[in-house]
Every structure is written in structure tokens, then in C-alpha cells.
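Written below as C-alpha cells is the structure these notes are about.
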Amino acid sequence: KNLVQDSKQRCYVIHGTDGVNVTYNVAYNTTGHCYMNENGVEEDIQFIGNLGALTKRQPEERLIGESDHRAYTFWFTNANVRIEGNVAAGANLGGYWFETFERGPHGPYASWPEYSDFNPKIRPLGSFKDNVVHSVGERGIRMYDPGYAPEEEFTFYNTRAYKNNDHGIFIHGTKNMVMDGGVFADNKVNIKNF
């Protein structure tokens with residue numbers, strides 16, 4: 001149980017590590033991606049019961065890589081993660097972004113031989129249930145470019161997305177997805193899949 005407040009560069013970053021539990025933390029008024037697995041190789045991680053409020057994008061002149069200028073409160077480069085009971089609120093842009101890289105992991109792991117055939121875009125989802133996103137400036141949940149396409153069906157359970165200025169959930173290039181329960185309300189567009 002920790003608090004990160006007024007951070008100028010991210011919050012809880014899992015980098016090249018498996019089996020980490022990030023539970024019951026708060027991040028408030030932060031800049032850059034907040035709760036995240038960074039390089040696409042990190043798996044078996046748990047993000048449970050966390051709150052992220054007022055996540056801001058990193059100014060272009062201060063970027064050190066990645067996509068922090070499009071900062072989301074929760075940013076996943078590999079979906080083999082347990083994501084349960086979290087809340088993303090009031091972010092400049094969005095709540096949850098699955099930016100899986102189909103060309104393989106990035107950063108230092110892109111050139112490691114043991115990851116030469118590793119494709120984060122098709123790794124199985126750990127879990128996504130009872131998560132909330134509201135009052136963000138753009139998309140509540142984003143699965144876009146290149147999308148997410150595991151071999152087996154995956155399910156988002158009891159997702160609540162409301163009062164987001166653009167989409168509740170924005171899906172592109174994604175397959176085998178099921179939405180079970182949940183509420184999408186008072187978003188400009190509740191669900192978009194193309």
C-alpha cells in the first residue's frame with residue numbers, strides 16, 4: 001500500500017520482471033504512463049485494487065521514449081497480466097491501454113535470442129475483471145494499433161466505463177474478445193469495434 005503523488009515520470013513500472021504483485025496502491029496527479037509492464041516480456045503480474053487519478057501526458061520535449069505523450073493510467077505491452085478491481089479516473093487521455101507489439105518485445109529485449117519468436121500480441125490474457133474507468137479526456141479502454149489477438153477467447157468481466165469524453169472502449173485489430181457484464185454509459189461512444 002503505497003502512494004505516488006506529483007510524479008513527473010511514471011508511477012509503478014514493471015521492467016523485465018515476472019511474478020510481481022502491485023496491489024492496493026494509489027497514484028495521484030502523475031505524468032506519463034502510471035501502472036505498467038514496459039517491454040512486452042513481463043508476465044504473471046498482478047495489478048489488483050489500485051487507483052490512478054489525474055494521469056497527465058508527458059510533454060513532447062521531455063519524452064524519453066515509449067508513448068508517454070499519450071499516457072494512460074494503466075498501460076500493458078503484454079496482456080498476460082491479472083488486472084482486477086482497479087480504478088482509472090480523470091486522466092488527460094485514457095484509463096487502460098493494451099499496446100501489444102506484434103513485432104516482438106521492445107527495448108533491450110528486442111535483440112535477445114530467447115525472445116526472437118516471442119509475440120506479445122498473441123499471449124493469453126491473465127484476467128480483466130471488475131475494473132472501472134471514468135471521466136477521462138479520451139478513451140476509457142484502448143485496444144488499438146496493433147490490437148490484441150490471442151489464439152483463445154478472452155473475457156472482460158464487469159467492466160464499468162462512464163463519463164469518458166470519447167469512447168468507453170475502442171477496439172481495433174482484436175479478436176476472440178467477450179464482454180461479460182459491466183456498464184458503458186454517458187461516453188461519447190460507448191463501444192467501438194472496427
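See the values below:
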| item | result |
| --- | --- |
| Spans of strands (runs of 3 or more DSSP E) in region 138-180 with at least 1 residues of a type outside the set (Val, Ile, Thr), at pLDDT 95 or above and over 14 Å from the mean Cα position of the chain (by Cα) | 154-157, 160-162, 167-171, 177-180 |
| THR55 vs. criteria in a loop (DSSP other than H, G, I, E, B) and β-branched (Val, Ile, Thr) | no |
| Residue in region 105-127 that is within 23 Å of LYS175 (Cβ to Cβ), in a strand (DSSP E or B) and modelled with pLDDT of 90 or more present | yes |
| Test: VAL20 is in contact with a Cys (Cβ under 8 Å, 6 or more places away or on another chain), farther than 26 Å from HIS167 by Cα, open to solvent by less than 40 Å² (accessible area, probe 1.4 Å) and modelled with pLDDT of 95 or more | no |
| Pair list, Cβ under 6 Å, 6 or more apart: region 33-52 residue in contact (Cβ under 8 Å) with a residue 60 or more places away in the chain and over 11 Å from GLY126 (Cβ atoms), other residue among the aliphatic types (A, V, I, L, M) and open to solvent by 10 Å² or more (accessible area, probe 1.4 Å) | GLU38/VAL13 |
| Single residue of GLU114, GLU153, GLU102 found to be touching a Pro at 6+ places or on another chain (Cβ under 6 Å) and among the acidic types (Asp, Glu) | GLU102 |
| Number of positions in region 58-101 that are in contact with a helix residue (DSSP H, G or I) (Cβ under 8 Å, 6 or more places away or on another chain), aliphatic (A, V, I, L, M) and open to solvent by 10 Å² or more (accessible area, probe 1.4 Å) | 1 |
| Residue satisfying all of: in region 1-47; more than 13 Å from the chain's Cα centre (by Cα), of a type in the set (Val, Ile, Thr) and part of a strand (DSSP E or B); farthest from GLU84 (Cα to Cα) among these | THR31 |
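The values are calculated or read from the model by the stated rules, or taken from the named source; none is laboratory data. Computed from a predicted model, the values in this text were never measured in an experiment. Every residue, glycine among them, receives a Cβ derived from its backbone with ideal geometry; neighbour counts consider all protein chains shown. Accessible surface areas use protein heavy atoms only, side chains included; no ligands, DNA or RNA. Shrake-Rupley method; radii C 1.70, N 1.55, O 1.52, S 1.80 Å.
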